[in-house]
Amino acid sequence: VTRDIWLVGIGTGSLAHITQEGLDALRRAAAILVPQKGEDKDELAEIRRRIIAESGSNADVVPFDYPVRNETLPDLDRVEHWHDEIAGLWKGAIGQAAPGPVALLVWGDPGLYDSTLRIASRLVPRAQIRVVPGITALQALTAAHAIPLSTVNGEVLVTTGRRLRDRGWPKDAITVAVMLDGQCSFQSLDPDGLRIWWGAYLGMAHQVLVEGRLAEVGPQIVTLRQEVRAQHGWIMDTYLLRKNNV
Ligand SMILES: C[S@@+](CC[C@H](N)C(=O)[O-])C[C@H]1O[C@@H](n2cnc3c(N)ncnc32)[C@H](O)[C@@H]1O
């Protein structure tokens, strides 16, 4: 049987980030699949539970386990294999869920550095997929700093910490947004002429922001990141780098 699968963007940690459309989807869903453990830190799992509770949804909440990544496979194979396994686990969970649309809560927006859409496309028979957009970490970052993402007529490159380390400052770039960076990869750049707008726990009560010339505040961010990470036991951060004077 083909099921409707609704991927609902929930924003980056504030209960207020989810849209009316997202709340409505949770209320109309017959079932909501929630990861049991694995990638989700306790605090993030708690946010998901509260969003479901506060939406007023009566949907059947169906837990599914996260598979462990097979560390013996090479990188890309490992991800493929891992996604196949998750799709299999979803399938099992969906089989036990009440008939009707099945919703999944997706951190931020399903379209940005998230595999949920790729996993959903593996379901056989293919599901009817609906995406409800959410506030991304990039939007939460630029809003928190009250800055525009783009300059007048300028382009923006969104990348990962690893790519930034591997290729350095992208040629001719004006604005570079960096996500998925576990190690403050801006340290690998020549900081001269660059400004940074950094944010961690965006949208949450303990959000932290730092802004300034990279040469000056870069080292402060490295220290602060270690401190707050130790305090909370986990961290998610995002930053924007821009050439000075644009
Ligand atoms: C797997 S990606 C998911 C992105 C998400 N789909 C979105 O739309 O923002 C995780 C990365 O998003 C960023 N991120 C997500 N939530 C964040 C938050 N509350 N504060 C800062 N960065 C966050 C971090 O760069 C983190 O490494």
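Figures for the structure shown
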{"read-out": "Search result, residues across region 185-209 that are surrounded by 19 or more Cβ atoms within 10 Å (Cβ to Cβ) and more than 10 Å from the ligand (Cβ to nearest atom)", "value": "S185, F186, R195, I196, W197"}
{"read-out": "Number of positions in region 123-137 that are away from the ligand (no atom under 16 Å from the Cβ), modelled with pLDDT of 90 or more and surrounded by 17 or more Cβ atoms within 10 Å (Cβ to Cβ)", "value": "0"}
{"read-out": "Among the residues listed as T223, T160, the single one being within 11 Å of the ligand (Cβ to nearest atom) and over 19 Å from S14 (Cα atoms)", "value": "T160"}
{"read-out": "Search result, residues across region 230-246 that are of a type in the set (S, T, N, Q) and on the phi > 0 side of the Ramachandran plot", "value": "N245"}
{"read-out": "Cβ pairs under 6 Å, 6+ apart, first in region 112-140 and over 29 Å from W198 (Cβ atoms), second surrounded by fewer than 16 Cβ atoms within 10 Å (Cβ to Cβ)", "value": "P125/T2; Q128/D4"}
{"read-out": "Residue within region 68-88 that is of a type in the set (A, V, I, L, M), surrounded by fewer than 18 Cβ atoms within 10 Å (Cβ to Cβ), in contact with a strand residue (DSSP E or B) (Cβ under 9 Å, 6 or more places away or on another chain) and within 18 Å of L7 (Cα to Cα) present", "value": "no"}
{"read-out": "Selection from region 170-183 of residues that are of a type outside the set (G, A, S) and either surrounded by fewer than 17 Cβ atoms within 10 Å (Cβ to Cβ) or within 12 Å of the ligand (Cβ to nearest atom) (or both)", "value": "P170, K171, D172, I174, V178, M179, L180, D181, Q183"}
{"read-out": "Candidate set: region 94-114, residues that are surrounded by fewer than 18 Cβ atoms within 10 Å (Cβ to Cβ) and among the aliphatic types (A, V, I, L, M); chosen: the one farthest from the ligand (Cβ to nearest atom)", "value": "A98"}
{"read-out": "Those helices (runs of 4 or more DSSP H) lying entirely in region 103-202 with at least 3 residues in contact with a helix residue (DSSP H, G or I) (Cβ under 9 Å, 6 or more places away or on another chain)", "value": "116-120, 161-167"}
{"read-out": "Single residue of V217, V152 found to be crowded, with 18+ Cβ neighbours inside 10 Å, more than 18 Å from the chain's Cα centre (by Cα) and more than 15 Å from the ligand (Cβ to nearest atom)", "value": "V217"}
{"read-out": "Listing of strands (runs of 3 or more DSSP E) fully contained in region 1-99 that carry 3 or more residues being more than 26 Å from A205 (Cβ to Cβ)", "value": "4-9, 60-64"}
{"read-out": "Positions within region 229-246 being touching a residue at least 60 places away in the same chain (Cβ under 8 Å) and β-branched (V, I, T), in sequence order", "value": "T238, V246"}
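The values are calculated or read from the model by the stated rules, or taken from the named source; none is laboratory data. Predicted model, so just to flag it, every value in this text is computed and none were measured. As a convention, Cβ positions derive from the backbone with ideal geometry for all residues, glycine included, and neighbour counts pool all protein chains shown.
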